[in-house]
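**Q** One structure, pasted below without further comment.
The values are calculated or read from the model by the stated rules, or taken from the named source; none is laboratory data. These numbers come from a predicted model, not from an experiment. Every residue, glycine among them, receives a Cβ derived from its backbone with ideal geometry; neighbour counts consider all protein chains shown.
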Amino acid sequence: MDQESLKLLSEINRAIIHFRGLYAAWSKEHGISYHELLVLYTIREQGFCTQKQICDSYLLPRQTMNHVFLDLRERGLLELSPAHCVGREKAFVLSRQGKQYAQPLLEVLNQVELQALEALGRDNIRSMVEAVFAYDQAMERAMKT
């Protein structure tokens with residue numbers, strides 16, 4: 001592999017890992033685990049989530065997320081949503097207590113994200129999203145061959 005290609009691959013991988021690390025550090029600083037944040041974030045986006053959804057979206061082990069969901073339910077932050085359940089797959093929404101817990105956290109994170117969005121510009125973010133998803137798809141295809 002030529003040096004330029006190696007450097008580009010190293011840079012994109014380092015950027016992706018660092019980006020994820022920023023969210024993990026933010027989570028820790030705010031007293032929440034990164035995996036819990038993913039659940040809250042997904043519920044904010046879609047109104048509900050399933051364990052399978054989280055595992056598939058973020059490529060996380062089922063056992064890890066099972067513990068996260070169990071903990072959130074035991075703390076009274078998540079409740080079962082029969083309206084969103086499909087077959088044996090259980091769907092969850094934030095309980096009243098969960099909304100009170102998640103809303104201030106997600107609002108602070110939203111402000112941070114908006115600052116970054118405005119600093120970089122919407123068009124740059126849009127281009128970045130398209131490029132990262134295209135790279136993700138190309139990697140997935142390459143790994144299957």
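**Q** Going by the conditions given, is Ala15 modelled with pLDDT of 95 or more and more than 23 Å from Gln97 (Cα to Cα)?
**A** No; evaluated as a whole, the condition is false for this residue.
**Q** State which residue pairs qualify: first residue more than 16 Å from Phe19 (Cα to Cα) and inside segment 114-131, second residue acidic (Asp, Glu) in any location, beta carbons under 8 Å apart, and separation of 6 or more residues or different chains.
**A** Matching pairs, first to second residue: none at all.
**Q** Give segment 18-70 a look and list any residue that's more than 30 Å from Val86 (Cα to Cα), aromatic (Phe, Trp, Tyr) and modelled with pLDDT of 95 or more, or say none.
**A** Correct list: Tyr23, Trp26.
**Q** Being free of Cβ contacts under 8 Å to residues at least 40 places away in the same chain and within 15 Å of the chain's Cα centre (by Cα) is the requirement here; does Leu77 meet it?
**A** No, not satisfied.
**Q** Would you say Leu9 is aliphatic (A, V, I, L, M), surrounded by 17 or more Cβ atoms within 10 Å (Cβ to Cβ) and either under 30 Å from Tyr135 (Cα atoms) or modelled with pLDDT under 95 (or both)?
**A** no
**Q** Here is a follow-up. Select from segment 2-57 the residues that are of a type in the set (A, V, I, L, M) and in contact with a strand residue (DSSP E or B) (Cβ under 7 Å, 6 or more places away or on another chain) and list them in ascending order.
**A** Correct list: Val39, Ile43.
**Q** What are the residues in segment 98-145 that are closer than 20 Å to Cys49 by Cβ and either surrounded by fewer than 12 Cβ atoms within 10 Å (Cβ to Cβ) or not hydroxyl-bearing (Ser, Thr, Tyr) (or both), if any?
**A** Gly98, Lys99, Gln100, Ala102, Gln103, Pro104, Leu105, Leu106, Glu107, Leu109, Asn110, Glu113
**Q** Moving on. Hey, does segment 78-94 have a residue that's among the polar types (S, T, N, Q) and over 29 Å from Asn13 (Cα atoms)?
**A** Scanning segment 78-94, I find at least one residue that is among the polar types (S, T, N, Q) and over 29 Å from Asn13 (Cα atoms), so the answer is yes.
**Q** Is it the case that some residue within segment 82-96 is under 25 Å from Ile17 (Cα atoms) and surrounded by 13 or more Cβ atoms within 10 Å (Cβ to Cβ)?
**A** No; the residues of segment 82-96 include none that is under 25 Å from Ile17 (Cα atoms) and surrounded by 13 or more Cβ atoms within 10 Å (Cβ to Cβ).
**Q** Would you mind listing the helices (runs of 4 or more DSSP H) fully within segment 1-87 where at least 1 residues are under 23 Å from Asp136 (Cα atoms) and of a type in the set (Asp, Glu)?
**A** Fully inside segment 1-87 and qualifying: 3-29, 34-46, 51-58.
**Q** Turning to a different aspect of this structure: Filter segment 44-63 for residues that are loosely packed, with under 14 Cβ neighbours inside 10 Å and within 16 Å of Ser33 (Cβ to Cβ) and give the result.
**A** Within segment 44-63, Pro61, Gln63 qualify.
**Q** Residues in segment 95-103: is at least one more than 19 Å from the chain's Cα centre (by Cα), free of Cβ contacts under 8 Å to residues at least 12 places away in the same chain and not in a helix (DSSP H, G or I)?
**A** no
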